[in-house]
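The values are calculated or read from the model by the stated rules, or taken from the named source; none is laboratory data. The structure presented is a predicted model; accordingly, all values stated were derived computationally and were not measured. Please note: Cβ atoms are built from the backbone with ideal geometry, for glycine as well, and neighbour counts cover all protein chains shown.
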Amino acid sequence: MQPMHRWILLLLLAGFPATGRTEDLLELSCSSDAQCAQFERGRCVDMACICTARGSGEQVPCAPLEERLKLTNIIGGTCPCPMPNAVCHTRWEQCLCSEGYVPSEDRRRCLPQVVQLGGSCEFQQQCRLADRFSSCIGNQCLCLNNFELQDGRCLAALQSSCLEDKDCGSCGASICLTKTKRCGCSKNFVHNHNMTKCIKGSAYGETCEHSSPCKVNLGADGQCLDHQCVCRSTHYPKRVANKVTKDVDDDHDEANKLEQITCVPIVPYGALCRHDRECRMQSMEQENATASTGHPMVCKWGECSCSETHRLEDNKCVFVENAAAHYQLGGFVAFVCFQFTMILY
């Protein structure tokens, strides 16, 4: 190669970052996240592959996937997957729980995502997805206090005693609960704060005196805070299709609505996932934002990671104004360098 050509090639390659650490032995230059997929939790930032630690998101030296610690019997570990209700993601060669199942706390088992009343549970969410007024108590899904199991549902109980349904009409209830012989509220209704009558549920932002009316519409993670229905700190409000059915004695005003607001879990960075939609959050305040900024997280190698238009800051994916343009420019520069190198040789 002629001396002048060497200088030109060096100038072109000067734009690619390099480090003085042992990582110099690895090819860390990149123009897209796909080129960093060879590393454990690698992604492309400023045209160089960086790698982050599982869970914390802190930057660590990159290591090839072939050298990563092989975990057996772990959800998120490498295939094969001997655990019941686990499947191997063929592209990632990673063990994931099947649809309808979630990892246990130690990630060694796949548990049912939804557990019906009376069933065995390990997480509160397993019970709450089946009935918003249930809880995992002693590893069993049971109704909350002041709620009673009736016809497969947890129904709110009043103080009034009864022998049959007609005894409960004066307090707005339509059911005489068989176990305790107390008047009970029908589905989509709950007791008031002093348990003297049945009231309908309260929507997001409406006034309340206790949390039960909020849970009717917002779900198990709705709560009454400062006399207003809101979501718990671990959840956010989201518009969803209305699922309230038109049954006898139900609140028909709520049933006729096309949409309702419910409380949805906040997805943390690094959460286990099977596909992109499990990493996507869209609160009411962000309904129009993703059209211009894109979704903050995508599913990569079984974990929720920052998308190409976002970067990690304080364990959150933050939008980068020129990330998309930078990504396209990086790909173009890499292509030009490759073509020029081929010409020189």
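Scanning segment 308-316 for residues that are at pLDDT below 50 and farther than 17 Å from residue 279 by Cα turns up nothing.
Taking the listed residues 127, 95, the one that is buried (at least 18 other Cβ atoms within 10 Å of the Cβ) and part of a helix (DSSP H, G or I) is 127, with no other qualifying. You will find that of 220, 241, 271, 255, the residue that is closer than 30 Å to residue 158 by Cβ and at pLDDT below 90 is 255 and no other. Please determine, by comparing only the residues of segment 132-149 that are free of Cβ contacts under 8 Å to residues at least 40 places away in the same chain and outside any strand (DSSP E or B), which one is nearest to residue 161 (Cα to Cα). Among them, the one singled out is 145. Among the residues of segment 150-168 satisfying the criterion of being loosely packed, with under 14 Cβ neighbours inside 10 Å and touching a residue at least 12 places away in the same chain (Cβ under 8 Å), which is nearest to residue 114 (Cα to Cα)? It comes out as 152. From the set of residues in segment 258-268 that are part of a strand (DSSP E or B) and of a type outside the set (S, T, N, Q), which is modelled with the lowest pLDDT? Top of the filtered list is 259. Of all the residues in segment 282-303, those that are modelled with pLDDT of 70 or more and not in a loop (DSSP other than H, G, I, E, B) number 6. Taking residue 80, is it buried (at least 18 other Cβ atoms within 10 Å of the Cβ) and touching a strand residue (DSSP E or B) at 6+ places or on another chain (Cβ under 7 Å)? Spelling it out, it is not the case that residue 80 is buried (at least 18 other Cβ atoms within 10 Å of the Cβ) and touching a strand residue (DSSP E or B) at 6+ places or on another chain (Cβ under 7 Å). Taking (1) among the polar types (S, T, N, Q); (2) at pLDDT 95 or above; (3) outside any loop (DSSP other than H, G, I, E, B) in turn, residue 170 satisfies each apart from (2). Within the set 187, 179, the sole residue that is touching a strand residue (DSSP E or B) at 6+ places or on another chain (Cβ under 8 Å), over 14 Å from residue 262 (Cβ atoms), without any contact (Cβ under 8 Å) to a residue 60 or more places away in the chain and not in a strand (DSSP E or B) turns out to be 179. Scanning segment 179-210 for residues that are closer than 24 Å to residue 282 by Cα and surrounded by fewer than 20 Cβ atoms within 10 Å (Cβ to Cβ) gives 203, 205, 206.
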